Amino acid sequence: MEFTFKPIGIIDSCFKEKFGIPRQPGLATEARAILKVFPPFDQLEAFKGLEDFSHIWIIFVFHSGMRDNWKATVRPPRLGGNRRVGVFSTRSSFRPNPIGLSAVLLEKIIRERKETHLYLRGVDLLDGTPVLDIKPYLPYTDAISNACGGFAPNIPEARIPVDFSPEARAFCLEKEQSGYPGLTLLIEQLLMMDPRPAYYASTPQKSHFGMKVYDFNVLWKISEGSAFVTACDDAR
């Protein structure tokens, strides 16, 4: 039996590339996105009452990691990238059906320029992600206090210090005043979780790494267990 789904909207995210995206939602509270709803699903009547919920589930497609083949086991970053477990015991994007699920903060719902937009925070969604459906998050049933988290029982404890060069910090503060609130904190939240591939922990450190946040290039390096943002500039 086969099914065909029509996306209800698309994500306009601060994450323009996969590198640097938090591995779970909610870890970077300043990570923002807008769900732009497609017609005919953009009728405000369809969202009546949703504004009373603080969080929503986003059901989406891993559009940038789609493959013709799938593997029964994967190597999750949480296990250092060198131990294989069953694909269905992970949230890996490389699945038989590339469908993802994220619980995110719903800030507001706005009808602007004849379009319906849902403003989201705490996202782990790549720009351009197709959204299949949304559902309200229900704390009384979705938050299970005695649940067991398997090989990922708690929030990762590793947190590394983050600092900025004076030029990089000044750049971020300037952009925060022109429509990018929380940019400095967002970069700090992303880097403190060390987004590098797991194998870098046991190999010589690369001098610099780069990632794109919103429309900005962020250049940084790891030295003696700390992250240092050396430069930020407008992406060309």
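Taken together, the values in this text are just the output of simple stated rules run on the coordinates, not laboratory data. Computed from a prediction, not measured in an experiment: that's the story for all the values here. Ideal geometry is used to build each Cβ from the backbone, glycine not excepted, and the neighbour counts take in all protein chains shown.
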Next on the checklist: Using Cα-Cα distances under 8 Å and only pairs 6 or more residues apart, what relative contact order does region 162-234 have, in percent?
Outcome noted: 38
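Provide the packing ranking of 141-148, 44-51, 4-11, i.e. peptides ordered by the mean count of other C-beta atoms within 10 Å per residue, highest first.
4-11, 44-51, 141-148
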Next on the checklist: I'd like to know which of Ile11, Gly80, Ile187 lies farthest towards the positive end of the charge dipole of the chain, counting +1 on Cβ of Lys and Arg and -1 on Cβ of Asp and Glu.
Outcome noted: Gly80
Checklist entry - Most exposed first by the Cβ proxy, i.e. fewest other Cβ within 10 Å, how do Arg113, Arg95 rank? => result Arg113, Arg95
Item to check | Principal axis dimensions, largest first and in whole angstrom, of region 162-234 by Cα | outcome: 40, 19, 17
Checklist outcome for this item: When Ile155, Ile222 are arranged by how many other beta-carbons sit within 10 Å of their Cβ, fewest first, they go Ile155, Ile222
Item to check | trypsin sites (Lys or Arg not before Pro) restricted to region 138-190 and DSSP loop, no more than 13 other C-beta within 10 Å | outcome: Arg159
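Rounded, prolate or oblate: pick one for region 1-74, where a ≥ b ≥ c are the square roots of the eigenvalues of its C-alpha gyration tensor, a/c under 1.5 means rounded, and failing that, prolate if a/b is larger than b/c, else oblate.
In terms of gyration-tensor shape, oblate.
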Next on the checklist: Can you return the lysines within cross-link range of Lys36? Criterion is Cα-Cα under 28 Å, with same-chain partners fewer than 8 residues away left out.
Outcome noted: Lys6, Lys16, Lys18, Lys48, Lys108, Lys114, Lys135, Lys175, Lys212
Checklist outcome for this item: By the C-alpha gyration tensor axes a ≥ b ≥ c (rounded if a/c is under 1.5, else prolate when a/b exceeds b/c, else oblate), the shape of region 99-236 is oblate
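Taking the number of other C-beta atoms within 10 Å as the exposure measure, put Lys36, Lys16 in order starting with the fewest.
Working: Lys36 15, Lys16 18.
So the residues, fewest neighbours to most, are Lys36, Lys16.
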Checklist entry - Size of the dipole of the chain about the Cα centre, Lys and Arg at +1 and Asp and Glu at -1 on the beta carbon, nothing else charged, in debye to 20? => result 860
Checklist outcome for this item: Taking the convex hull of the alpha-carbon atoms of the chain and averaging its shadow over every direction gives an area in square nanometres of 15.5
Next on the checklist: Running a GNM on the chain with Cα contacts under 10 Å, which residue among Phe38, Phe151, Phe209 ends up with the highest mean-square fluctuation?
Outcome noted: Phe151
